[in-house]
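Since every read-out is calculated from the coordinates, none of them should be taken as a lab result. These figures come from a predicted structure and were not determined experimentally.
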Amino acid sequence: MERTFIMVKPDGVQRGLVGEVIQRLECKGFTLVGLKQLTVSRELAESHYAVHKERPFFKSLVEFITSGPVVASVWEGDGVVASARKLIGATNPLTAEPGTIRGDFGVSIGRNLIHGSDAIETAQSEVALWFEDGELSSWKPSITPWIYED
Ligand code: GDP
Ligand code: MG
């Protein structure tokens, strides 16, 4: 089953949006398989955002992500990678559609509340970067027949 990595960034934690984010993903029908709050080390932040290391915002992004606790999670479900990106909305909250998490709660690209893996391969490497195998639970919710046809 497909998995993705979702992180509520320090601004989302400070603003009390952890429950909102979890609720939106749960209500959609995705399954939570890993969850933890942590303060991110510089090393982890730089690895996570390595693809952006030449960008002008890289330094401020790493400083921001390491500035306070984040809530990291892993979610499972059919098409969860792309679907979670849709629920999250566009990178800039000002242009993100209403109804998305960024569209409903943010106004600034440097305070866009949440991260979600952008592709299946990225999701696999981000899950492995942030979680040990033993921190993840493989389980099948008993309501599965009410979410999936087969
Ligand atoms: P995402 O996949 O939608 O999160 O966006 P990207 O992978 O392109 O960028 C990673 C993160 O870097 C974004 O979520 C923003 O927090 C930040 N970011 C991206 N572009 C900019 C920018 O132009 N300025 C600033 N300050 N931050 C940016
Ligand atoms: Mg990205």
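Normalised by 2.2 N^0.38 Å, where N is the number of residues, the C-alpha radius of gyration of the chain stands at 1.01. For the chain, the relative contact order comes to 34 percent (Cα pairs under 8 Å, sequence separation of at least 6).
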